[in-house]
Amino acid sequence: MNICIKDIAYYLPEKVLTNEELEKEYDKWDSEKIFNKIGIKCRHIASDNDTAVDLAEKASIQLFNRNPDLRNRIDFMMLCTQSPDYLIPTSACILQDRLGIPKTCGALDYNLGCSGFIYGLALSKGLIATGIANNVLLLTSETYTKHIHPKDMSTRTIFGDGAAAIWICKSSDGGSIDEFVLGSDGSGAQNLIIPSGGLKLSRSNETAREYVDENGNIRSKDNLYMNGSEVFSFTINVVPKLVEQTLIKNNLEMGDIDYFIFHQANKYMLDYLRKKINIPEEKFYLDMETTGNTVSSTIPIAVSQALNKGFIKKGSKLMLVGFGVGYSWGACVVSL
């Protein structure tokens, strides 16, 4: 029996922020320009009272509604988030209680961004392969918009909020999670960061002081900062090699992959990568028009959407590729 992704559910908050609404807020925003550059028309925004735990809970309930007997079979759960409800306790433990999952279930959080889903798959496969768990609930949930200053054009147009719930287990129906390639480079940590809020720099009146960067973006040290040019440079240097290494590790060639699903960062970056790697357009998923960049949830949401739209089907061999904050990256081949 192989270890596989058995099912995926996702949840997007009800509130939607459109490009036209952004255009009204700030004269330097242009709705059509935003869409043409990053491929996003609107994004879902968590309410003031909704947290990453709330979004993950709603995604999980959708998964359990489709699989009524699953709740009592989960024996390990993990939550990938960079917007936890608390520093202490672990959000996954809170979710175990709120979801009514047995107390015999292991639970942990892990802090990763856009590569987080790939890392979660690797951890889940390891837990099952070593006999520690049989049914893993992998959750990805982010409310990045709560980190963003409302006048920061470099990030507010890109990010949206959302969560995904993924059931991973052994199965004999032909699905599989195959080999991984993972990597990290902490020298780029300052290029995608929230400087304050941890124990290195506590929040204060000083960190909350606003400043304007050279591009007219307004933020403080309490907000998300992204050096777009440096992140782009990192991506175009790392991802093509990552795809090649993943093919080699899985003893495959480009033509053996039915479909490529990358982290949905933005349209410009993905178009550039697809052309650089020579991936046929009909084998490459690109659709973030109504979701935006939901960080660790983009890949599971994209897999679910691609299934629903008929781009992929049971038996399809996929390459999944995540990359971003950390810097951190990872890729793997899965068969559905």
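The values are calculated or read from the model by the stated rules, or taken from the named source; none is laboratory data. These numbers were taken from a predicted model, which means no experiment stands behind them. FYI the Cβ positions are ideal-geometry reconstructions off the backbone, even for glycines, and counts take in every protein chain you see. Remember, those area values only see protein heavy atoms, side chains included, never the ligands or the DNA or RNA. Shrake-Rupley method; radii C 1.70, N 1.55, O 1.52, S 1.80 Å.
Some notes on this structure:
- Note on region 299-318: among residues that are under 24 Å from TYR144 (Cβ atoms) and in contact with a strand residue (DSSP E or B) (Cβ under 8 Å, 6 or more places away or on another chain), the one that is surrounded by the fewest Cβ atoms within 10 Å (Cβ to Cβ) is SER304.
- LYS267 vs. criteria open to solvent by 20 Å² or more (accessible area, probe 1.4 Å) and over 30 Å from SER172 (Cβ atoms): yes
- Residue in region 127-143 that is closer than 24 Å to CYS105 by Cβ, open to solvent by less than 20 Å² (accessible area, probe 1.4 Å), out of contact with any helix residue (DSSP H, G or I) (no Cβ under 7 Å at 6 or more places or on another chain) and in a helix (DSSP H, G or I) present: yes
- Checked against the criterion of being open to solvent by less than 30 Å² (accessible area, probe 1.4 Å) and part of a strand (DSSP E or B), the candidates LEU63, LEU17 yield just one match: LEU17.
- Screening the candidates TYR119, TYR86 for the property of being assigned to a loop (DSSP other than H, G, I, E, B), of a type in the set (Phe, Trp, Tyr) and either within 17 Å of the chain's Cα centre (by Cα) or modelled with pLDDT of 95 or more (or both) yields one hit, TYR86.
- Of all residues in region 285-298, those satisfying the criterion of being buried (at least 23 other Cβ atoms within 10 Å of the Cβ) and aliphatic (A, V, I, L, M) are MET288, VAL295.
- Residue satisfying all of: in region 214-240; among the charged types (D, E, K, R) and closer than 20 Å to GLY197 by Cβ; least open to solvent (accessible area, probe 1.4 Å) among these: ARG219
- Per the listing ASN278, ASN250, ASN308, the residue uniquely closer than 19 Å to GLY162 by Cα, more than 18 Å from the chain's Cα centre (by Cα) and not aromatic (Phe, Trp, Tyr) is ASN308.
- Every listed requirement among (1) at negative phi; (2) touching a helix residue (DSSP H, G or I) at 6+ places or on another chain (Cβ under 6 Å) is met by VAL295 save one, (1).
- Here LEU112 clears all of (1) modelled with pLDDT under 95; (2) closer than 30 Å to TYR272 by Cα; (3) not in a helix (DSSP H, G or I) except the condition numbered (1).
- When TYR272 is tested against (1) open to solvent by 10 Å² or more (accessible area, probe 1.4 Å); (2) farther than 25 Å from ILE193 by Cα, exactly one condition is not met: (2).
- Qualifying residue in region 246-265 (condition: closer than 21 Å to THR145 by Cβ and touching a residue at least 40 places away in the same chain (Cβ under 8 Å)): yes
- Number of positions in region 26-44 that are assigned to a loop (DSSP other than H, G, I, E, B) and open to solvent by 20 Å² or more (accessible area, probe 1.4 Å): 5
- Among residues of region 67-84 that are closer than 14 Å to VAL136 by Cα, those with a beta-carbon under 6 Å from a residue that is open to solvent by 40 Å² or more (accessible area, probe 1.4 Å) at least six positions away or on a different chain give the pairs ASP75/ASN134; MET78/LEU108; LEU79/ASP109.
- Options ASP178, ASP152: the member that is more than 26 Å from ASP50 (Cβ to Cβ) and acidic (Asp, Glu): ASP178
- Scan of region 177-203 for residues that are assigned to a strand (DSSP E or B) and touching a helix residue (DSSP H, G or I) at 6+ places or on another chain (Cβ under 9 Å), ordered by number: ILE177, ASP178, GLU179, PHE180, VAL181, LEU182, GLY183, LEU192
- Subset of region 66-83 (residues that are within 23 Å of the chain's Cα centre (by Cα) and open to solvent by 60 Å² or more (accessible area, probe 1.4 Å)): ARG66
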